[in-house]
Structure formats: structure tokens, C-alpha cells
Amino acid sequence: MWERSSCSRLRLRSRRVFELADAQSAVPPKRLGILSGFGCGRGSLSQRLAELGWIEGRTLTIDCVSTVSPDQLTLLATELVARRPDVLAASPTTYVRALKQATATIPIVMFSTPNPVETGLVTNLPRPEANVTGTAQSGADNTSKRMQLVKQMLPTLARLAIIWRAGIDPLYAELATKDATAAASTLGFALQVFSAAVPEDYDRIFAQLAAEGFDAAYVPPGPHSYANLTRIAELGRRYRVPTLGDHPIFAKNGFLFTYGDDPTRNLVRAAEYVDKLFRGSKPGDLPVEQTTTFELVINLKTAKELGLTVPSTILALATEVIE
């Protein structure tokens with residue numbers, strides 16, 4: 001009697017487990033659409049989503065499209081929205097803007113996006129409204145600090161080049177150039193803007209910088225610079241024009257130094273925004289989070305090759321020193 005009753009309970013419990021599993025499998029996976037200028041490697045984004053219960057192939061489907069060509073953004077954004085994802089994600093600014101123009105209803109997560117209020121992506125940081133939220137940078141403070149560091153590393157600095165990528169968001173470029181120019185004026189050096197549309201443009205620009213006596217070149221992060229990191233660093237060493245950037249990976253690929261946030265950390269935070277949106281939060285109710293942690297990475301191998309001595313006071317501030 002006891003054995004028969006026990007077996008009945010076991011069969012009932014097993015049936016309920018299978019019914020629950022069937023019910024879960026019947027729920028379609030959430031769909032995340034990504035518009036990227038930096039490739040479609042999953043990395044820390046997928047890892048954090050998996051930790052939060054969103055496992056690709058089971059509870060999550062990821063549609064990612066990537067391009068370095070600004071001419072393709074409108075078409076790719078439209079196609080991605082047409083796939084009806086539950087949430088969208090994008091970086092940099094022009095990519096977020098393309099998605100925002102393609103949909104006013106699907107939530108969009110931006111990550112490591114500078115000046116989102118000034119560039120019109122959100123109305124304010126605490127309550128972004130509309131359908132965009134995520135992580136942002138405070139451009140002016142970062143730019144000013146970066147200009148101070150290059151002047152401290154190169155005390156005789158008189159001319160600095162900024163090499164933008166063609167197709168950069170014009171509002172962001174205008175704001176960042178204005179901030180850099182103001183900082184340069186205060187610190188006593190001149191600044192000139194250049195633009196690269198194809199990889200060969202970097203060769204031409206660095207040859208010009210060397211011929212005209214520029215002391216350093218700042219290369220902001222973007223699809224083109226990421227795709228040509230090794231090339232740019234090599235050109236800087238060949239023409240003896242020190243290079244500086246934002247993200248640590250630039251210094252690890254041969255730039256003299258970088259100062260800025262770590263995109264890996266921002267991808268983790270982006271995943272947490274996606275998780276909240278999957279679970280029903282509204283983008284307008286999720287405050288935009290500003291990056292507060294910045295890293296100074298110095299490449300002493302590059303400094304040595306350029307015949308430069310990095311002041312000990314600057315080395316003491318470094319998050320990482322590459323030797």
C-alpha cells in the first residue's frame with residue numbers, strides 16, 4: 001500500500017516536472033537585436049546575460065549586424081527592426097541614432113555613448129523618456145583630462161592632431177572638438193582636425209603630420225580606428241608621432257597611452273539593462289548611467305621606441321603600465 005502510494009506520488013511529481021519543462025520550452029526565447037560598429041563577438045555581453053538566465057540558443061536569440069560603413073546604417077537598422085526583437089542595443093552614437101530613427105517603440109540600450117543628451121539621443125539622464133537608455137560618458141571631463149595628460153607627457157607639445165573617422169555623428173564631433181580645443185587653448189597648444197574614411201587615409205595623414213611637425217595625434221574610438229589599431233600604432237612609431245586614445249586596447253596595441261573607460265565593463269552593464277527590459281521594465285524608467293571609472297594605460301615599449309621618458313608622476317597614476 002505504501003509502496004503503491006509512493007510510486008503514484010513519484011509519477012505525479014515527474015509528470016509535473018515534465019509539464020513545467022514543456023511549458024518553459026513552449027515560451028519563445030527573447031530576441032536581442034544588435035547594431036554594431038565593432039563586430040559581433042559576444043564576449044562579456046553574452047556572458048553576463050547567461051549569468052542572468054538568458055542563454056543563447058535556449059532562452060535567448062541574438063541577431064547582430066555589424067558594419068564600419070555609415071552609408072549602410074539606415075538600411076541595416078530598418079532590417080534589424082523588421083525582425084521584431086524584444087530589445088535593441090547599439091554603439092556608437094550614429095548607430096544608436098539609426099535605430100532610434102527606425103523605431104519609436106522597441107527599447108534601445110546604448111553603451112558607452114558620450115553626451116547622449118547633447119546629441120539628442122535622450123532628453124535627460126534620470127528619466128530618459130522615449131525608448132532609449134543605457135550607459136553614457138561625460139565627454140568634456142574626459143577630454144580635458146586626456147589633454148592634460150598628453151601635455152604632461154610631452155611638455156614641449158605645440159601641435160596636436162585629432163583624427164576623426166568619416167561619418168562620425170556630427171553633433172558629437174562638434175562637441176568633442178570644442179571641448180578639446182578649449183582644453184588645448186588653456187594648456188597652450190594648437191589643435192587641428194583630420195578625417196579618415198578608408199585605411200589608406202591614416203597613411204596619408206601620418207605622413208602629413210610628420211612633414212608638418214605635429215607633436216602627437218589623438219585617435220578617438222570608432223569602427224574605423226578599432227579596425228585599424230595596429231596600423232595606426234605602427235604609423236605613429238614609424239613617423240615618430242606619439243598616439244593617444246580612449247580605450248585600454250589602444251595602448252595594448254601600441255599607442256603611447258590611453259585614458260578612458262573600459263568597454264568590457266560597459267557591455268556588462270548593457271547586459272543588465274537588457275535583462276531588466278526583457279523582464280518588463282520601461283526604458284524611460286531606467287536612468288542613464290554615466291561611467292565613473294576611468295583607466296590610464298601607458299605603453300612604455302612605445303615610449304622607448306619613440307625616445308620618450310614618461311614622468312614618474314604620470315606613471316604613478318597609471319592603472320596599467322605595459323613594459
| Ordering Glu56, Glu295, Glu200 by how much accessible area each has at a 1.4 Å probe, largest first, what is the list? | Glu200, Glu56, Glu295
| For the chain: lysine pairs with Cα atoms under 22 Å, gap of 8 or more or different chains, count? | 13
| message | What is the angle, in °, between the Cα long axis of helix 263-278 and the longest principal axis of the Cα atoms in the chain? Nearest 10 is fine, range 0 to 90. | response | 30 degrees
| said: What do you get for the angle between helix 199-211 and the principal long axis of the chain? Use alpha-carbon atoms, 0 to 90 degrees, nearest ten. | reply: 30 degrees
| query | Using the beta-carbon distance between Thr313 and Gln192 and R0 = 25 Å, what value does 1/(1 + (r/R0)^6) give for FRET efficiency, to the nearest 0.05? | reply | 0.35
| task | Could you run the Karplus curve 6.51 cos²θ - 1.76 cosθ + 1.60 with θ = phi - 60° over segment 90-95 and give me ³J(HN,Hα) per residue in whole Hz, x for Gly and Pro? | result | 7, 6, x, 3, 4, 6
| Using alpha carbon centroids, what distance separates segment 176-195 and segment 27-82, in Å? | 36 Å
| request: Please work out the FRET efficiency for the pair Glu320 and Ala104, using the Cβ-Cβ distance as r and a Förster radius of 45 Å; give the result to the nearest 0.05. | output: 0.60
| said: Given Cβ point charges of +1 (Lys, Arg) and -1 (Asp, Glu) and nothing else, what value in debye, to the nearest 20, does the dipole of the chain about its Cα centre take? | reply: 1080 debye
| query | Solvent-accessible area per residue for the chain at a 1.4 Å probe radius, Å²? | reply | 47 Å²
| request: Find which of Gly43, Thr67, Gly53 sits farthest along the positive direction of the dipole of segment 40-95, computed with +1 on the beta-carbon of Lys and Arg, -1 on that of Asp and Glu, about the Cα centre. | output: Gly53
| Based on DSSP, what percent of beta bridges with both residues in segment 175-323 are antiparallel, to the nearest 5? | 35 percent
| task | Roll a 1.4 angstrom probe over the protein heavy atoms and tell me the percent of accessible area of segment 241-323 that is carbon or sulfur. | result | 50 percent
| note | Per the C-alpha gyration tensor (a ≥ b ≥ c, the square roots of its eigenvalues), segment 110-259 is rounded if a/c is under 1.5, else prolate if a/b beats b/c, else oblate; here it's prolate
| said: Counting only helical runs of four or more DSSP H residues, what would the 222 nm mean residue ellipticity of the chain come to if each run contributes -39,500 (n - 2.57) and the total is spread over all its residues? | reply: -14000 deg cm²/dmol
| At a 1.4 Å probe radius, carbon and sulfur cover how many percent of the accessible area of segment 87-149? | 52 percent
| remark: In the chain the DSSP beta bridges are antiparallel at a rate, in percent to nearest 5, of 10 percent
| task | Find the eigenvalues of the gyration tensor of the Cα atoms of the chain, then list the square roots of 5 times those eigenvalues as equivalent ellipsoid semi-axes, largest first, in whole angstrom. | result | 45, 22, 17
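The values are calculated or read from the model by the stated rules, or taken from the named source; none is laboratory data. Please read these numbers as outputs of a predicted model, since none were measured by experiment. Reconstructed Cβ throughout: ideal geometry from the backbone, glycine too, with neighbour counts over all protein chains shown. When the accessible area is computed, the model is the full protein with side chains, heavy atoms only, and any ligands, DNA or RNA have been set aside. Shrake-Rupley method; radii C 1.70, N 1.55, O 1.52, S 1.80 Å.
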